[in-house]
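Asker: One structure follows; several queries about it will come next.
Just so it is clear, none of the values below were taken in a lab; they were calculated from the coordinates. Not measured: the values here are computed from a predicted model. Heads up, the Cβs are rebuilt from the backbone with ideal geometry, glycines too, and the neighbour counts pull from every protein chain shown.
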Amino acid sequence: MNNKLNYSVFFCILFIKLFVLLPLSAQKPEKKVESADYMSMYNKGTYNDALKVIKDRLQAIYITRAEDKKIPTEYIYIKKGEEKKNINDLFRNRKAKQYFIEENNELYTLHLFAARCCFKLDKEDASLNHYFESLRYKSSVFYKDDFVFYEISQVYKKLNQHNAYTDSLEMAYSINPAKTDYSLELGKALSITNQKKKAIFHLKRYTESKAGDIEDPTLFLLIGNLNEDIGEYLETVKYYKKYLEKKTEDGYIIFALGYLAYKRVGDHKLALDNFNKSLKYLPDKDLFRRSKAAEFQADIYMKDLEYERAIEYYIETKKYHDKIKDDLDDNNKKISKMNSDINEIKTSLHTQKLYDRYSAYQDMKEEKGKLEFRNREIKYELGKLNSGRIRWNLAESFERLEKYDQAIQYYNEAVSNDYNADKARERIVKLKLKIKRGY
């Protein structure tokens, strides 16, 4: 069978073959050949030798079975000057026996092992041809013959034909749904496509079949991420929790769970618990997430009118902002020093011809590039930290607590950060009047 046959058409044919009673050919089955030779060769890994034995036997059988052969595809063409025709229709309308021919265990087994040999020899097209031919000589049995379609899926996977890979894998699953490993592989394969819901179905089916005894907890994380992609945030929270039952010290996911609870679900208690816990496990150098964990806690306390707690966490947030700014200053100093050193080396290369210093010059240029890249990262992080808003919220919290001097200080800092500058100035004027009047 020509490997150019559209795989979706092929699977439609196989679907019909599975569920419709097919008439068997009246031809008597061929006498079974002794298979030990090629099977033992295959098991020993001598695939070329096994394939040669198989091909010889197939040739001996098929030379007497001309009535089963289809017209080769190379005879189907469009003659010059003829009206344009659909090649696929010509292919389908050829006069030949139906796809399924007969129950013939020998031909089925020969083609099956030929397919396996070709796969091992990196002859994927030939492998597919033999797999498809093997299915012409055996009707598929539920809960038994799924392995053939699974093997076909692995050929397509090797060919990087993703749709054909998942289609054949789904055929294996439909024949033997009891094998949950198919759901695991299907779920992972579909997770990178737009079929998120189907991926979730298969991954949940697999994890539930294991009754929680999952060796790889990242599967829970994957299910959670897929649910987040489709906006099912409660399910995302559920599966993040399952993941964290196994990976209790993953600071990044603890932080992500806090963020989901706060921004997507509105569970402030869960958010506070996880933000606070994330500070214990996030790396010290991850100042951005640590800052955000403190900031979000402060926001929650401010919404709940707990201004003293809000101030506590906003000040903690501000400390992280200051650390990031210190990192930026240190980086700038290093770059400035490096520029001086690079210029000194360039001068020596021009004036003293000290060419042995050229490698040091290249190394310093590379290191400078890394520092400049890090500078851009720090500035980007600073831009997302809402420094002005933090100052404004601190000022407002102090004002609510009638601590006007501190409020004026942070309103001034909000002005310096160009956040609500006009309103901040108005608040400063009013607070100064309050202080002057004493009420």
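Asker: For M171, M338, what's the fewest-to-most ordering of other Cβ within 10 Å of each Cβ?
Answerer: In increasing order of surrounding Cβ atoms, one gets M338, M171.
Asker: Run the quick spin-label model on E366 and I192: label points 7 Å from Cα toward the beta carbon, then report their separation in nm to one decimal.
Answerer: With each label point 7 Å from Cα toward Cβ, the separation is 3.1 nm.
Asker: Rounded, prolate or oblate: which fits segment 199-349 when a ≥ b ≥ c are the square roots of the eigenvalues of the alpha-carbon gyration tensor, with rounded for a/c under 1.5 and prolate only if a/b beats b/c?
Answerer: It is oblate, given that a/c is not under 1.5 and a/b is not larger than b/c.
Asker: State the three equivalent ellipsoid semi-axes of segment 282-437, derived from the C-alpha gyration tensor as the square roots of 5 times its eigenvalues, in descending order and whole Å.
Answerer: 46, 18, 10
Asker: With a 10 Å Cβ neighbour count serving as the proxy for reagent exposure, in which order, fewest first, do L186, L226 appear?
Answerer: In increasing order of surrounding Cβ atoms, one gets L226, L186.
Asker: Of K384/K434; K204/K247; K247/K334; K144/K188, which pairs sit farther than 30 Å apart, going by alpha carbon to alpha carbon?
Answerer: K384/K434; K247/K334
Asker: Could you give the radius of gyration (one decimal) and Dmax (whole number) of the Cα atoms in segment 317-390, in Å?
Answerer: Cα only, segment 317-390: 16.9, 55 Å (Rg, Dmax).
Asker: May I pose another question? How do I223, I408, I192 rank when sorted from fewest to most other Cβ atoms within 10 Å of their own Cβ?
Answerer: I192, I408, I223
Asker: Translational D (Stokes-Einstein, µm²/s) of segment 217-280 at 37 °C and 0.692 mPa s when Rh comes from the Kirkwood sum over C-alpha pairs?
Answerer: 292 µm²/s
Asker: Further, regarding this structure: Could the peptides 412-419, 344-351 be put in order, highest first, of the mean number of other beta-carbon atoms found within 10 Å of their residues?
Answerer: 412-419, 344-351
Asker: Here's something else I'd like to know. Enter the Cα centre distance for the pair segment 263-331 and segment 103-182, rounded to the nearest angstrom.
Answerer: So the separation of the two Cα centres works out to 54 Å.
Asker: Which peptide among 391-402, 152-163 comes first, and what is the full order, when sorted by highest mean count of other Cβ atoms within 10 Å?
Answerer: Ranking the peptides 391-402, 152-163 by packing returns 391-402, 152-163.
Asker: Now a separate question. From the C-alpha coordinates alone, can you work out the Kirkwood hydrodynamic radius of segment 233-319, in Å?
Answerer: Final number for the Kirkwood radius of segment 233-319 is 12.9 Å.
Asker: For segment 134-200, build the charge dipole from Cβ charges (+1 Lys, Arg; -1 Asp, Glu) around the Cα centre, then report which of L169, V148, A189 sits farthest towards its positive end.
Answerer: The Cα lying farthest towards the positive end belongs to A189.
Asker: Same structure, new question: Determine, for each peptide in 143-151, 430-438, 38-46, the mean count of other beta carbons within 10 angstrom over its residues, then list the peptides with the highest first.
Answerer: Per-residue Cβ counts within 10 Å, averaged per peptide and sorted highest first, yield 143-151, 38-46, 430-438.
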